[in-house]
Amino acid sequence: MTSLGLEEEYLLLEPDTGLPAHHAAEVQELLEAEPGIGLEEIQRELLSCQIETATSVCQTMPEAESALLRFRRALARAASKVDSIAAATATAPWIPEHYPELTDKQRYEDLRVSAPGIVGDQFVNGLHVHVGIPDQESGIRALNRIRPWIPLLTALSVNSPYWLGRDSGFGSWRVIHYRRWAVQGIPPVFADVADYERRITRLSGTGAILDRGVLTWVARLSDNFPTLELRACDVQLEARDTVLLGALTRALVVSALGEAQADTPLPDPDPELLDAALWQAARDGMDRHLVDLASAEPVPAEQLLRTFLDHVGPALESEGDLDLVEGSLASIKERGTGSERQRRALRDGGVRALLSLYEESLTRES
C-alpha cells in the first residue's frame, strides 16, 4: 500500500460578520494543550487568521480521515474559546480594507516585501496531498504523467466561490488568486531530477521569487519528504471530501508510476491547453464541460470523470479505495461541490446560513 499525508489550511472567522479573526496565536496555544494533538500537527500559515494541519504518514484512508477529524474537532473547540469560527473554506468571503496581520515569522515579512499586494490578499486555503514515491527519479516520471488529469481534480475540489463580499463567478477563486504569483500553474515536463533542480535553481536566481518554496506549481516534488505533492485542490468543507481527493490523487500517482515503469508513451499536451483547462476547471467545477486533454475538446465533466476512473481504477482497487471513492463521489453528486453548497447556503439563508455551514461541516463524519 502506498503511503500518503494530507495537509489542510483553515480560516478563523468572526462569528457575527464572517470577517477574518486574527486569533491564530491563541488558537495554537489552546491546540497545544489538547490531549491527542501532537505539536507536529499544528502549523501556522502566512496570515494570523490561518491555521494549518498535517497528518502523519498514513496507509489507509480511514486512518487519514480519523486524523483529520480529531484535529478539526480540537480546532473547533479552540476557535470557540476565542470567539471565532474555524472554517474549511478556500477563500474568505469577506475581508477588511486594512492590511492583514501576518504571522510573526521573518520569512513571511520577506514575502510581504517581495509581493505586498498579493500577500495582503492571501486569505486562501488549500489542500495538499503527499503521495509516497520510491525515489526522486520515479517522482519526476510520475509528475510528468499526472499533468493532464490535474484540472479534473481541481474541478472536483472547488470550494471558494466568494471574494470581496460577492460571487466571483468561479468555483475556485483560490486557484485564480494563485495565478498572480511569479511561477504558477501546471508544471512543465522535466527530463529528469537534474533538469528539475537546474530549472528551479535558475528560477530562484532570478530574484523574481523569494526562494523555491514560493514556486506555486500545483504539483511538485516535496523538498521535505519523499513524496510527490499535489497542491491543486481547495481545502474541503468536510474531511470525507478531503479523503476522497487523497484517494484519487494516490491512485493517479500509483498509475503514473506504473506507466513510467512500463515506459508507455508520455502524454504531453500543449502548455497553453493545460493552462486553459486548469482555468476552466476553476471556473466551472463539475457544473459544465472540462477539457479532455487527449482530444483538446470540451466534454461533459461527468464524462471526463468516468474516463479518469477507468484510468485509475486498477490503482483504486489495489490500494483498497474503490468502494470509498464510489460512495464519496455519489455523495458529492447528490450534495454538490463545496462551492455549490456555499452558494446554496448564502442564497437560502444569508450570512448566518453560510457561517453555519462552515461550523457544521468542519467536524461532520462520513
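Looking at (1) within 21 Å of ALA353 (Cα to Cα); (2) among the charged types (D, E, K, R); (3) open to solvent by less than 50 Å² (accessible area, probe 1.4 Å), find the lone condition where ASP83 falls short.
(3)
Which residues, counting only those in the stretch 65-112, are without any contact (Cβ under 8 Å) to a residue 60 or more places away in the chain, among the polar types (S, T, N, Q) and more than 30 Å from ASP321 (Cα to Cα)?
SER80, GLN106 - these are the residues of the stretch 65-112 that are without any contact (Cβ under 8 Å) to a residue 60 or more places away in the chain, among the polar types (S, T, N, Q) and more than 30 Å from ASP321 (Cα to Cα).
Taking only the stretch 184-196 into account, find how many residues are buried (at least 17 other Cβ atoms within 10 Å of the Cβ), under 21 Å from the mean Cα position of the chain (by Cα) and in a loop (DSSP other than H, G, I, E, B).
2
Hey, can you tell me all the residues within the stretch 135-154 that are under 18 Å from GLU197 (Cα atoms) and either assigned to a loop (DSSP other than H, G, I, E, B) or among the aliphatic types (A, V, I, L, M) (or both)?
Within the stretch 135-154, ASP135, ILE140, ALA142, LEU143 meet the criteria.
Kindly provide the set of residues from the stretch 91-106 that are open to solvent by 60 Å² or more (accessible area, probe 1.4 Å) and either within 22 Å of ARG179 (Cβ to Cβ) or in contact with a helix residue (DSSP H, G or I) (Cβ under 6 Å, 6 or more places away or on another chain) (or both), ordered by number.
Quick first cut of the stretch 91-106, residues open to solvent by 60 Å² or more (accessible area, probe 1.4 Å) only: 97-99, 101, 104-106.
The answer is TYR99, and nothing else.
Would you point out the residue of the stretch 34-55, among those that are surrounded by fewer than 22 Cβ atoms within 10 Å (Cβ to Cβ) and at pLDDT 95 or above, that is farthest from ILE118 (Cα to Cα)?
ALA54
Restricting to the stretch 314-342, what's the tally of residues that are under 13 Å from MET286 (Cα atoms), among the β-branched types (Val, Ile, Thr) and not in a loop (DSSP other than H, G, I, E, B)?
1
Starting from residues that are in a loop (DSSP other than H, G, I, E, B), at pLDDT 90 or above and more than 17 Å from ARG180 (Cβ to Cβ), keep the ones in the stretch 208-223 and report whichever is most open to solvent (accessible area, probe 1.4 Å).
ASP223
Given the options ARG199, ARG283, ARG250, name the one that is assigned to a helix (DSSP H, G or I), open to solvent by 60 Å² or more (accessible area, probe 1.4 Å) and touching a strand residue (DSSP E or B) at 6+ places or on another chain (Cβ under 9 Å).
ARG283
The values are calculated or read from the model by the stated rules, or taken from the named source; none is laboratory data. The shown structure was predicted, so the numbers you read here are calculated from the model rather than taken from an experiment. FYI the Cβ positions are ideal-geometry reconstructions off the backbone, even for glycines, and counts take in every protein chain you see. The protein model used for the area step is the full one, side chains on, heavy atoms only, and it has no ligands, DNA or RNA in it. Shrake-Rupley method; radii C 1.70, N 1.55, O 1.52, S 1.80 Å.
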